[in-house]
Each structure stands twice: as structure tokens, then as C-alpha cells.
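Report on the structure given below.
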Amino acid sequence: MQQTQRTRERRYPLHIHISLLFSLLLLGSGLVLGLFNYQQTSQIILSSSDQLFTQLRKSVNADLNYTYRPIRLTINLLANNQQINGRNRHERLVMLPIFAQALRDNAKLASLYVGYPDGGFFMVRSLRNEKLREILYAPANALYQVWSIDRISEQRLDSESTFYDAQLQPISRRQNLNESFDPRTRPWYQGALENRENFTTKPYVFFSSKEVGTTMATSSSGGSVVAADLTLDNIS
């Protein structure tokens, strides 16, 4: 009898059981709705992010193609021009107007040049900023630098830098008595010969200007390599 009385004393009223049941139902419903909303929101965010990155990728690809395609066409045309195969700087200088025009037409181009199988070299560089002029000790009114190397032998080099104005008239000339540059050892030269097609280097520090950029190169039928430099400032 005493045990039955104690059991009755422990029982809770019906409304407490109902309230507890509804609380559990509300809590369960809230958890289910919260999980459902989280999944739906995550899918929306992921879908939007995927669309955004797809658009960005297309935009970047289009910009890079817009930047690189004209330069590839330029060096391919130059590689098929027999005038690049001059035997020395005097014969190669005939290419100066063509190189200068290409640099004027493409503001992203830093320089155009040719490396030869005998170690010779011919470059036309556009002098577009004062920092580059200071590095190269260029005259104030110079717009182009022509850097040429004639390799007399493996030990003897005839290296010279000539600065030109807007009308391609020479302003000053300087010999590089301690020249050590050999295009045949450079990654752009070796890569173009190995690939036998358009080759693009990874970013690196340019030999003469100390700027950071990338080089596009292609080999010609005469065994030389035509290349173009783009600085990271221009690419960015």
C-alpha cells in the first residue's frame, strides 16, 4: 500500500508530459529545418562560387590570349623572315625598323631579339620608363636600345649597345668589353630548340635589365631563335 502511494506521488501531471513532447517535436523540427537550410545555403554558395570562378577563369584566359596571341604571331612572322639571318650586326641592323614597329604596335612587349647558333645576338629594346634608362645608362632622348653581339670566336666577343631616337637615328654607342652573355645557354633558346614550336618560359630575372618577366620564343628554319620579353608589370 505504501509503495503504491509513493508511485502515485512520483507521477507528473499530464500537461507536463504534453509540454515536454511538444518541446521535443519543436526542437527536432528546428534541427531538421536548420540542417535543410544549411544544405540549401551551402549548395547556393558553392554554385555561385563555381559560376564566379568560371567567369574569372574565362576572363583571365581571354586576357592572356589577348596579350600572348599577337606576340606569338609577331615572333612567328619574324622567324620566317630571312633578314634575321644576317652574319653580323651591320647586316642584322636592317631589322631595326621592323622590330621597332612591332614594339610600337604592342605596348606590352619589352624587347624583341634573335639568338644565333654561333652565339651571336641581336636585340631591340623599347625604353619606356626612366628606371630602365637609369639601369642601361641611356640618353634622355633615346627610345630604343640595340644590343648586338658578334662572336668572333668562343673566347672573343664584339658586344655593342647603340641608342636610337624616335626617328631611329643613332644617339650614342657603347662597347661592352666584359661581355659574358651567351644566348645558347639561356632557357628560352634551349626550350625553343627542344620544342620546335612556340615556347614560353617561367618568370625569371632578365639578364640585362634585371626586371622580372617571361620570354616567348620560337625557332627559325636557319637554326636561330626569335624571342620576345614581357615584364610581369605589363602582364599584370
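The values are calculated or read from the model by the stated rules, or taken from the named source; none is laboratory data. Just so it is clear, the structure is predicted and the values come from calculations on it, not from any experiment. Here the Cβ positions follow ideal geometry from the backbone for every residue, glycine too, while neighbour counts run over all protein chains shown. These accessible areas exclude ligands, DNA and RNA; they are computed on the full protein's heavy atoms, side chains included. Shrake-Rupley method; radii C 1.70, N 1.55, O 1.52, S 1.80 Å.
Using the Cβ of Leu177 as centre and a radius below 12 Å, the other residues enclosed give a net charge of -1, where K and R count +1 and D and E count -1.
Only one of the values (1) 125, 39, 31; (2) 52, 43, 34; (3) 51, 37, 36 was calculated from this structure for Cα extents along the principal axes in Å; name its label. Comparing each candidate, only (1) matches the computed number. From most to least packed by mean Cβ count within 10 Å, the peptides 136-148, 32-44 give 136-148, 32-44. Near Phe121: Cβ cut-off under 15 Å, other residues only, Lys/Arg at +1 and Asp/Glu at -1. The net charge is -1. Across the chain, Cα pairs under 8 Å and at least six residues apart give a relative contact order of 17 percent. Add +1 for every Lys or Arg and -1 for every Asp or Glu among the other residues with Cβ under 12 Å from the Cβ of Leu109, and state the total. Local charge sum for Leu109: +3. Among Gly120, Gly28, Gly86, the residue with the largest mean-square fluctuation in a Gaussian network model of the chain, with springs joining Cα atoms closer than 10 Å, is Gly28.
Here the accessible area is traced with a 1.4 Å probe on the protein chains. For the chain, carbon and sulfur cover 55 percent of it. The angle separating the long axis of helix 96-105 from the principal Cα axis of greatest extent in the chain is about 20 degrees. Based on the alpha-carbon gyration tensor of segment 148-236 and its eigenvalue square roots a ≥ b ≥ c, which shape applies: rounded if a/c is under 1.5, prolate if not and a/b is larger than b/c, or oblate? Verdict is oblate for segment 148-236.
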